[in-house]
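Colleague: The structure under discussion is supplied below as structure tokens; questions concerning it will follow.
The values are calculated or read from the model by the stated rules, or taken from the named source; none is laboratory data. Please read all numbers here as calculations on a predicted model, not as lab measurements. Ideal geometry is used to build each Cβ from the backbone, glycine not excepted, and the neighbour counts take in all protein chains shown. Side chains included, ligands, DNA and RNA excluded: accessible areas come from the protein's heavy atoms. Shrake-Rupley method; radii C 1.70, N 1.55, O 1.52, S 1.80 Å.
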Amino acid sequence: MLNTIDSILNRTKGNSVLLPVDLMCEYAKDPIGIDVLKPRFSWKLIQDGREKCQTAYRIIVASKEFPLKEGIADLWDSGKIVSDLTIGLEYEGKKLSSGQKCYWKVVVWDKEGFASCSIETGSFEMGLIEQTDWNAEWISAEFDYPYKTFYTGPALYFRREFMLNKEIISARTYVSGLGYYEMSINGKKVGDHLLDPGFTDYDIRVLYSTYDVFEYINQGSNVIGVTVGNGFYCTPRWNGKPCLRMQIVIHFGDGTCETIKSDYDSGWLVAESPIYKNGIYDGERYDASLEMPGWDKASFCMENDNFKDRWHKVVNAVAPKGRMVSQMIEPIRNTEEIKPIGMKEPGNVFVFDPNPIYGQTEKPAGINRIVFDLGQNIAGWVRLKVEGPKGTKIVLKFSETLYFDDNLNVENLYLADAVDCYFLKGEGLEVYEPKFTYHGFRYVEVEGYIGEPSLDMITGIVVHSDIKRISEFNCSHSLLNQLYKNIIWTERDNLHSIPTDCCQRNERFGWLNDTTARCEETVYNFNAERLLSKWMDDIEDTQLESGAIADCAPYVWYGKRIGEPVDTTFVITQWLLYKHYGDKRILAEHYGSIKKWVDFLDSKAAGNILYHGWIGDWAPPRAFSYTDSLCSAISNTTTFEYISTCYYYYAASLMSQIAHVLDNKNDEMKYKELSEKIKKAFNEKFLDKKTMQYEMGSQAANAFALYLHLVPEEFKQGVINNLVDDLVHKNNCHLTTGNLCTKYLIEVLTEIGRHDVAWSLATQTTYPSWGYMIEKGATTIWERWEYEASRAMNSHNHPMYGSIGAWFMKSLVGIDIGDGVGFDQFIIHPQPVKGLEYVSGSLETVRGRIEVSVCYGESSFELSVAVPVNCIAKIRIPDQGWNMGDVRVYESNLMIWENGVFFEGVSDLSGGIKKKDYYEVKVGSGRYNFKMII
Ligand code: BGC
């Protein structure tokens, strides 16, 4: 007999209750369409007071919500498990079937042994687990379009009518359309996804989405309408034609079930839509006079003379080769709408336009043109509101920068012809938004409007993977606040179902080397668990038998198929997903592949030095790059073999740690030994023991060696001195590093006790620096340290140099995960520095919200910290050079330290120790207010 929940609840009067909240399954709230056989459960805990934790849990899963309330778990009852774990607990009950809906609750026990049950009931629903669950076919149109070129043809309308005569009790749609689709039922858009499905290698995996469409379907006649655009699928890489696969599973009150699916012979029709051209890079062309009002509603008359010739029977499409996989990542959505901050008429000076539309080389005379400024560089598009006679052509162009005469500068967009074009139907106010493209821009030129322009004419629509922001940061230094803002914007603009390199030119690829630098910033600022897990699959999909992975995932056409050692983000990101989100499964799932990658690197090495490489520490300041190299972006101060060997070591040592986590002792030893051998060879080859410089003595080389703890103890101080000397004296507090080593440089400076130098780099305003970008008006992070806007590689929205965002959280706010996993334990260690008066920040971790606020005074220091339930924090109160003998430390007005003596046990604190640079105490959950006074 199962216990009912009530019988195990045993609350004490007067005490606050330990309560499980935020129930998540597969890191999502009440997901539908899961296709993992053992979904994982997680929850957070709340309880007032201090030092609260969970000592045991019990998960119960049922097939119906009602009995679950009674505590009857017909699918699984874990029983009481003595454990403090709250993250990633695997379902171990009865086998789950496709489409099955399940409900769950969790009971937790606190330190005193009292139990309490989650008030909320979590739910999850399985998707289509087996490929054979898909009985729908891929359908397309017969027309032959020039999809082999990059300039792609029209988006297609797919339509099907169907009747339902019985009472409907549930309806689910499983749908994918390549390149992108948007679905409606009875004229209403299903869900809020944009640019769906997420980007994958369509030869290997095709993502589908699951929607609850109960509210959309009527008893009676219904119409499904799906618009399918080109996306990456209809490019030379996959050579596809727009195609659709979907099935709606409808359950009726009488216990029967019906599936409406895409196929050749059940009445599906296809037509060209008013979107007569669309491409990710090249925008959309929309002719509103081609609209067929109500085409996706039952009232639409197919026999209407204007429309009947446009509809044709569908054909079976050449199916994409990839298997159908549920899209478990957050969808791309409209996440914000921005009003322009100004508009200007651009000069009539003809400016060279390298991407002319329709072969046009000159600006048409006498046509109205106006340039809007959104005040922010974004990824997305604009919503246009215009009026005018039928056939009026409005052209929208996008750019990140302007020429001196306020004309758009589109040179740095390369081959992306970022133009949307709308032909009016002439029926009053018309509103247009594209569907199957996106642009990276701050400025929008509207050409061809009639009458007076106004700021209401356009709205900027911010479009990206809607993953949750988890950090906050604010400090007394306005430049750093702006820099943090720019980092967040750049990250948002570059999350499009993969972490992209840029969002404006003809790339937008998942370059692995950029993510090697950026991934820690990403996981600190956003809940990237699902998105980056999916991207790990994308990387694995590029892997060759030899173990090599590609430079970009999905692999499209840039970068090499046999990737560079700098692509070690494959290992680093997984480690971060484990550390930050407690995701151990990611390590187990990809273990074989990361091992193959490390072994591949090993196979390329000679005497434990890895010579292979072609990207290296990419795009340092111009003076530190070879001018005649690829995009003038190859470092002339740090060699490929140096950077490659560092990553070879990094990968091997992480591999050993991952093997340890997975309890694989042989591999743990094997990779530990490998990393030790690499370290030895590395120091023999690259360390000049006389000068105490690595390789050519660049900032990158010395910083990376220190970051990886490769420097033998006896040379450490010498290398540090050289690094600081190069920065402070030779370069007057300016960096010389590229996309990778900039991260290591800034972090290592703080680690070796030169936070002051890290601070001067972070707050520097002259070239090359982040401050220089801001002084030049940047609202996002640039790809190059230089201000450039020419027809060369210089995106103004490129996340790699945003890697400094991790340092903001770790060293300014001071939240460092240390040895923790999923923040079960962490360190609070804000670093004082001259020029910083206060800093505050927070991090919404998988265990709850950490909050920190610090005030640095002349003779006092205040620190407030909130530690989530079930966590342990070591709090390090920085010694600001004050004499210990004179210092008193208080917590909530109780003295905990005086004259160097720690009062153990006062104010729930323990383990007080004084280290060289700080006083450390250990605390459990709760809020703490420290004050230090001389
Ligand atoms: C990308 C970079 C990338 C580089 C590597 C560029 O085109 O935008 O971010 O690191 O190629 O070669």
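Colleague: Per-residue HN-Hα couplings for the range 122-127, Karplus 6.51 cos²θ - 1.76 cosθ + 1.60 at θ = phi - 60°, whole Hz, x for Gly and Pro?
Modeller: x, 9, 8, 9, 6, x
Colleague: Using a simple spin-label model with points 7 Å from Cα along the Cα→Cβ vector, what separation in nm is obtained for Lys313 and Trp614?
Modeller: About 5.0 nm separates the two model spin labels.
Colleague: How much net charge surrounds Met324 when only the other residues with a Cβ under 15 Å from the Cβ of Met324 are counted, with Lys and Arg +1 and Asp and Glu -1?
Modeller: Working: positive: Arg172, Arg205, Arg245, Lys261, Lys321, Arg323, Lys534; negative: Asp35, Glu130, Asp133, Glu137, Asp196, Asp201, Asp203, Asp537, Asp541.
Summing Lys/Arg as +1 and Asp/Glu as -1 gives -2.
Colleague: For the range 172-185, what does the Karplus curve 6.51 cos²θ - 1.76 cosθ + 1.60, with θ = phi - 60°, yield as ³J(HN,Hα) per residue in whole Hz, taken in order and with x for Gly and Pro?
Modeller: Each residue of the range 172-185 in turn: 10, 10, 10, 8, 9, x, 10, x, 10, 9, 9, 10, 9, 10 Hz.
Colleague: If packing is taken as the mean number of other Cβ atoms within 10 Å per residue, what is the order of 856-863, 478-485, highest first? It would help to have the intermediate numbers written out before the result.
Modeller: Working: 856-863: 16.0, 478-485: 17.8.
Listed from highest to lowest mean packing, they are 478-485, 856-863.
Colleague: Right, another one. How long are the semi-axes of the ellipsoid equivalent to the chain, from square roots of 5 times the Cα gyration tensor eigenvalues, in whole Å, largest first? Provide the component values of the computation, followed by the final result.
Modeller: Numbers: eigenvalues 430, 285, 145 Å².
Values for the chain, descending: 46, 38, 27 Å.
Colleague: Another question, then. Which value, in Å² rounded to 10, gives the accessible area of Arg849 with a 1.4 Å probe and all protein chains present?
Modeller: Rounded to the nearest 10, the figure is 90 Å².
Colleague: Based on the Cβ-Cβ distance of Tyr767 and Ser63, what FRET efficiency does E = 1/(1 + (r/R0)^6) give at R0 = 60 Å, to the nearest 0.05? Could you put the intermediate results ahead of the total?
Modeller: Values: r = 64 Å, r/R0 = 1.06.
Calculated transfer efficiency: 0.40.
Colleague: Out of the trypsin sites (Lys or Arg not before Pro) in the range 375-450, which ones are loop residues according to DSSP with at most 15 other C-beta atoms within 10 Å?
Modeller: Numbers: sites: Arg383, Lys385, Lys390, Lys393, Lys397, Lys425, Lys435, Arg442; in loops: Lys390, Lys425, Lys435.
Of the trypsin sites (Lys or Arg not before Pro), the ones in loops of the range 375-450 whose Cβ has at most 15 other Cβ atoms within 10 Å are Lys390.
Colleague: Under the classification rounded if a/c is under 1.5, otherwise prolate if a/b is larger than b/c and oblate if not, where does the range 202-300 fall, given a ≥ b ≥ c as square roots of the Cα gyration tensor eigenvalues? Walk me through the intermediate numbers first.
Modeller: Numbers: a/c = 2.53, a/b = 1.44, b/c = 1.76.
Because a/c hits 1.5 or more and a/b fails to exceed b/c, the range 202-300 counts as oblate.
Colleague: Which links in Lys672/Lys810; Lys261/Lys534; Lys188/Lys390; Lys101/Lys435; Lys101/Lys313; Lys29/Lys579 stretch past 24 Å when you go from one Cα to the other?
Modeller: Values: Lys672/Lys810 27 Å; Lys261/Lys534 27 Å; Lys188/Lys390 26 Å; Lys101/Lys435 32 Å; Lys101/Lys313 36 Å; Lys29/Lys579 21 Å.
The pairs that break the limit, which is 24 Å between Cα atoms, are Lys672/Lys810; Lys261/Lys534; Lys188/Lys390; Lys101/Lys435; Lys101/Lys313.
Colleague: Moving on to the next point. For the range 881-934 and the range 449-520, what is the separation of their C-alpha centers, rounded to whole Å?
Modeller: After rounding, the separation between the Cα centres reads 41 Å.
Colleague: For Ser629, what accessible surface area do you get with a 1.4 Å probe? Give it in Å², rounded to 10.
Modeller: Per-residue accessible area (Ser629): approximately 20 Å².
Colleague: Continuing with this model, one more query. Which whole-Hz ³J(HN,Hα) couplings does the range 374-380 yield from phi under the Karplus relation 6.51 cos²θ - 1.76 cosθ + 1.60, θ = phi - 60°, glycine and proline marked x?
Modeller: Karplus-based 3J(HN,Hα) across the range 374-380 equals 7, x, 7, 6, 10, 10, x Hz.
Colleague: So, one more: Nearest 0.05, what FRET efficiency do Asp254 and Asn474 give at R0 = 51 Å with Cβ-Cβ as r?
Modeller: Numbers: r = 59 Å, r/R0 = 1.16.
Efficiency at R0 = 51 Å is approximately 0.30.
Colleague: Would you work out which of Tyr801, Gln504, Gln831 lies farthest towards the positive end of the dipole of the chain? Charges go on Cβ: Lys and Arg +1, Asp and Glu -1.
Modeller: Checking the options against the dipole of the chain, the answer is Gln831.
Colleague: Please list, short to long, the whole-number percent of alpha-carbon pairs of the range 712-785 in consecutive 10 angstrom bins beginning at zero.
Modeller: Calculated over all Cα pairs of the range 712-785, the distribution is 19, 51, 24, 6, 1 percent.
Colleague: Heavy-atom accessible area of Glu447 with all protein chains present, probe 1.4 Å, nearest 10 Å²?
Modeller: For Glu447, solvent-accessible area is about 10 Å².
Colleague: So between Ser97 and Ile934, what do we pick up on full extension, going 0.36 nm a residue minus the alpha carbon distance?
Modeller: Details: separation 837, 0.36 × 837 = 301.32 nm, distance 6.60 nm.
So the chain would gain 294.7 nm between Ser97 and Ile934.
Colleague: Now for a separate question. Top to bottom by accessible area (1.4 Å), largest first, where do Glu411, Glu445 land? Present the calculation step by step, with values, prior to reporting the outcome.
Modeller: Details: Glu411 40, Glu445 0 Å².
Sorted by accessible area, descending: Glu411, Glu445.
Colleague: Could you please state how large a percent of the accessible area of the range 544-653 is carbon and sulfur, counting protein chains only and using a 1.4 Å probe? Spell out each step's value before the answer.
Modeller: Details: 1860 of 3310 Å².
Its accessible area is 56 percent carbon and sulfur atoms.
Colleague: Please give the contour-minus-distance gain from Phe903 to Leu455: 0.36 nm per residue of separation, less the Cα-Cα distance, rounded to one decimal in nm. Write down the numbers at each step before the final one.
Modeller: Numbers: separation 448, 0.36 × 448 = 161.28 nm, distance 6.35 nm.
This chain segment gains 154.9 nm when fully extended.
Colleague: Counting only C-alpha contacts under 8 Å and six or more residues apart, can you give the relative contact order of the chain as a whole percent? Intermediate results must be reported in sequence, preceding the final value.
Modeller: Numbers: 2320 pairs, mean separation 90.5, N = 934.
Value for the chain: 10 percent.
Colleague: Using every pair of alpha-carbon atoms in the range 577-702, split the distances into 5 Å bins beginning at 0 and state the percent of pairs per bin, rounded to integers.
Modeller: The calculated distribution, bin by bin, is 2, 11, 17, 18, 16, 15, 12, 7, 3, 0.
Colleague: With every protein chain kept in place and ligands, DNA and RNA left out, what is the accessible area per residue of the range 545-682? Probe 1.4 Å, answer in Å². Write down the numbers at each step before the final one.
Modeller: Numbers: 4860 Å² over 138 residues.
I get 35 Å² per residue for this part.
Colleague: How would Arg245, Arg469 rank on accessible area, largest to smallest, probe 1.4 Å?
Modeller: On the way: Arg245 40, Arg469 105 Å².
Final ranking, largest accessible area leading: Arg469, Arg245.
Colleague: Sort 704-715, 194-205 by packing, meaning the average of other beta carbons within 10 Å per residue, with the highest value first. Numbers along the way, then the final one.
Modeller: On the way: 704-715: 18.6, 194-205: 22.8.
The most tightly packed comes first, giving 194-205, 704-715.
Colleague: Quick check: with the 1.4 Å probe, what order do His829, His496 take by accessible area, largest first? Don't skip to the end; give the middle numbers.
Modeller: Numbers: His829 30, His496 10 Å².
Listed by decreasing accessible area, they come as His829, His496.
Colleague: Net charge around Trp614, counting only other residues with Cβ within less than 10 Å of its Cβ (Lys, Arg = +1; Asp, Glu = -1)? Walk me through the numbers before you get to the answer.
Modeller: Values: positive: Lys560; negative: Asp551, Glu564.
Taking every other residue near Trp614 into account, the sum is -1.
Colleague: Could you state the accessible area per residue of the range 377-456 in Å², with a 1.4 Å probe and every protein chain left in place?
Modeller: Working: 2610 Å² over 80 residues.
Per-residue accessible area for the range 377-456 comes out at 33 Å².
Colleague: Please work out whether the range 695-743 counts as rounded, prolate or oblate from its C-alpha gyration tensor, where a ≥ b ≥ c are the square roots of the eigenvalues and a/c under 1.5 means rounded, while otherwise a/b larger than b/c means prolate and anything else oblate? Mind showing how you got there, number by number?
Modeller: Numbers: a/c = 2.32, a/b = 1.28, b/c = 1.82.
Verdict is oblate for the range 695-743.
Colleague: Oh, and also: Give the separation of the Cα centroids, the range 331-347 to the range 208-274, in Å.
Modeller: Centre-to-centre distance over Cα atoms comes out at 33 Å.
Colleague: Let me ask something additional. Want the number for Cys631 to Glu112: 0.36 nm per residue separation, take away the alpha-carbon distance, what's left?
Modeller: Values: separation 519, 0.36 × 519 = 186.84 nm, distance 6.38 nm.
The span from Cys631 to Glu112 would gain 180.5 nm if fully extended.
Colleague: What distance in nm lies between label points placed 7 Å from Cα along the C-beta direction at Gln825 and Glu858?
Modeller: Once both label points are built, they end up 4.1 nm from each other.
Colleague: Roll a 1.4 Å probe over the protein chains and send me the accessible area per residue for the range 155-261 in Å². Can you show the working numbers first?
Modeller: Values: 3090 Å² over 107 residues.
Ligands and nucleic acids excluded, the figure is 29 Å² per residue.
Colleague: Between beta-carbons, use under 11 Å as the cut-off and find the net charge around Met696, counting Lys and Arg +1, Asp and Glu -1. Walk me through the numbers before you get to the answer.
Modeller: Working: positive: none; negative: Asp688, Glu695, Asp726.
Local charge sum for Met696: -3.
Colleague: Rounded to a whole number, what % of the accessible area of the range 8-110 do carbon and sulfur atoms account for, probe 1.4 Å?
Modeller: Working: 2400 of 4590 Å².
C and S atoms contribute 52 percent here.
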